[in-house]
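Undergrad: For reference, the structure I am asking about is given below.
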Amino acid sequence: MWAKPEQSRSQVDKAGRIITSDIPCDNSTFIKALDVVNNWRSSHNYPLNTFKVTLRRYAQKVDSHCLVAQRIKRLSSIEHKLHRFKGMQLSRMQDLGGCRAIVNSIAQVNKLVKKYEKSDIKHKLDDKDDYIKNPKESGYRGIHLIYKYFSDKKSPSVLIYNGLKIEVQIRTRLQHAWATAVETVGTLRKEALKSSIGEEKWLRFFQLMGSVIALREKSKVLVPNTPSEKAALIKELRQLTSDLDVIKSLKMYGDVLKVGEQAAKKGDDYFLLKLEPSEQRMTVIGFKKKQLEEASAAYLKIEREITDIPGADAVLVAVDSISSLRKAYPNYFLDTEVFLTVLSDAVKRA
């Protein structure tokens with residue numbers, strides 16, 4: 001059921017270089033490299049599932065209405081990251097497997113982080129990125145905990161996962177709404193806005209909204225290079241909201257998408273989401289736990305099929321129920337309702 005690493009880390013790194021190289025290679029070499037990359041990321045499912053179980057238990061004690069989900073990094077995102085950070089090795093990438101908890105407030109975010117810091121889990125904390133105390137220039141806020149999976153069980157079938165990195169993201173609902181809006185606009189504009197690549201006005205708009213949300217959450221730290229005075233912040237935000245026709249655009253994105261479900265039903269454990277903006281279509285395919293290998297293969301197949309389709313995207317995720325799928329991954333449904341509410345409230349007030 002669970003994929004296991006089939007190649008050495010040096011072979012994984014070589015495959016990463018092949019799929020991101022500007023030098024053409026024969027098709028069979030490229031396909032073999034893709035298979036190696038897919039096996040490596042799929043191998044993170046076992047430790048990722050372990051971390052999700054713990055995260056859900058901790059998060060529910062902090063916020064009974066929390067949302068917990070997990071995902072394996074998209075092939076396009078892997079390629080983009082390897083391109084952006086020259087010299088990065090695929091075998092050392094820290095977020096191939098990631099799980100996320102969304103809670104109501106910053107106080108709950110901090111409480112959840114402290115639960116991890118005081119816990120007796122055996123996994124090694126490799127790094128901590130606090131983007132609430134130190135927001136990214138893009139406007140992104142949240143806290144990331146990067147762990148190296150560790151098991152002291154004697155079984156070789158479990159020990160093989162030791163050392164794999166899993167990223168735990170903890171953010172508030174409003175921080176999640178911001179991240180959702182960035183991905184939605186970036187997907188439809190075909191720009192990597194979340195990586196600060198794209199139209200300058202849109203990038204600036206999201207910087208400002210990062211600070212607006214920080215103020216709403218009563219955070220003392222705003223996004224770098226945004227006005228410290230609220231009046232100046234809102235004035236610039238209003239102007240950009242008007243120039244970009246943001247409210248109308250985001251509402252349109254949400255209205256035009258027709259959500260289709262194919263074989264996704266109650267009781268499924270994994271969901272393969274395929275977004276095709278040009279066709280105004282979202283396809284959701286559900287899989288049981290025992291079908292994880294099949295799901296991983298379908299994921300890679302779809303990623304290959306949509307490579308040259310503008311705006312198309314796919315991701316394999318796991319949530320507690322299909323009813324929470326849209327809430328956990330609203331960007332795949334082009335759902336920016338919460339973000340629009342915050343924006344409309346901000347620009348209406350003096």
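Undergrad: Roughly how many nanometres apart are two label points built 7 Å out from the Cα toward the Cβ at ARG304 and SER228?
TA: 5.6
Undergrad: I'd like the orientation of helix 45-62 relative to the chain: the angle between its Cα long axis and the longest Cα principal axis, in ° from 0 to 90, rounded to 10.
TA: Result, in degrees: 40.
Undergrad: Are there chymotrypsin sites (Phe, Trp or Tyr not before Pro) in region 1-90 that DSSP marks as loop and that have at most 13 other Cβ atoms within 10 Å, and which are they?
TA: PHE85
Undergrad: Suppose every Lys and Arg Cβ carries +1 and every Asp and Glu Cβ carries -1, with no other charges. What dipole size does the chain come out with about its Cα centre, to the nearest 20 debye?
TA: The dipole magnitude comes to about 1280 debye.
Undergrad: Further, regarding this structure: For region 185-317, restrict the atom set to alpha-carbon positions and state the Rg and Dmax in Å.
TA: 18.9, 55
Undergrad: At 0.36 nm per residue, minus the direct Cα-Cα distance, what do GLN89 and ILE31 gain on full extension? Give it in nm, one decimal, please.
TA: Gain on stretching GLN89 to ILE31: 19.0 nm.
Undergrad: Rounded, prolate or oblate, given the Cα gyration tensor of region 30-167, with a/c below 1.5 counting as rounded?
TA: It is oblate, given that a/c is not under 1.5 and a/b is not larger than b/c.
Undergrad: Continuing with the same structure: Quote the charge dipole size of region 105-214 about the Cα centre in Debye, to the nearest 20; the model charges only the Cβ of Lys and Arg (+1) and of Asp and Glu (-1).
TA: So the dipole magnitude of region 105-214 works out to roughly 360 debye.
Undergrad: Across region 9-348, what fraction of all alpha-carbon pairs, as a whole percent, falls in each successive 20 Å bin from zero upward?
TA: 29, 61, 10, 0
Undergrad: Taking 0.36 nm per intervening residue step and subtracting the Cα-Cα distance, what contour gain separates LYS348 from LYS148 on full extension?
TA: Length gained, LYS348 through LYS148: 67.4 nm.
Undergrad: Now a separate question. Nearest-5 percent of antiparallel DSSP beta bridges in the chain?
TA: Roughly 75 percent of the beta bridges in the chain run antiparallel, per DSSP.
Undergrad: If you take the charge dipole of region 9-348 about its Cα centre, with +1 on Lys and Arg Cβ and -1 on Asp and Glu Cβ, which of TYR149, HIS44, VAL338 is farthest toward its positive end?
TA: TYR149
Undergrad: Find how much the distance from ASP126 to LYS61 grows on full extension, using 0.36 nm per residue of separation minus their present alpha carbon separation; answer in nm with one decimal.
TA: Value of the extension gain: 21.0 nm.
Undergrad: If you line up the long axis of helix 173-189 against the longest principal axis of the chain, both from Cα atoms, how many degrees apart are they, to the nearest 10?
TA: Compared with the principal axis, the helix lies near 80 degrees.
Undergrad: Further question: Using the alpha-carbon atoms, what tilt in degrees (0 to 90, nearest 10) does helix 106-118 show relative to the longest principal axis of the chain?
TA: Rounded to the nearest ten degrees, it is 30.
Undergrad: Moving on to the next point. Could you sort the peptides 106-116, 200-210, 216-226 by per-residue average Cβ neighbour count (10 Å cutoff), highest mean leading?
TA: In descending order of packing, they fall as 200-210, 106-116, 216-226.
Undergrad: Between GLU79 and LYS248, what is the FRET efficiency for a Förster distance of 35 Å, r being their Cβ-Cβ separation, to the nearest 0.05?
TA: 0.60
Undergrad: Calculate for the chain the 222 nm mean residue ellipticity that helices alone would give, adding -39,500 (n - 2.57) per DSSP H run of length 4 or more and normalising by residue count, nearest 500 deg cm²/dmol.
TA: -14500 deg cm²/dmol
A short reminder: the numbers here are calculations on the coordinates, not readings from a lab. None of the values given here were measured: they were computed from a predicted structure. Neighbour counts are summed over all protein chains in view; Cβ atoms, including those assigned to glycine, are modelled from backbone coordinates with ideal geometry.
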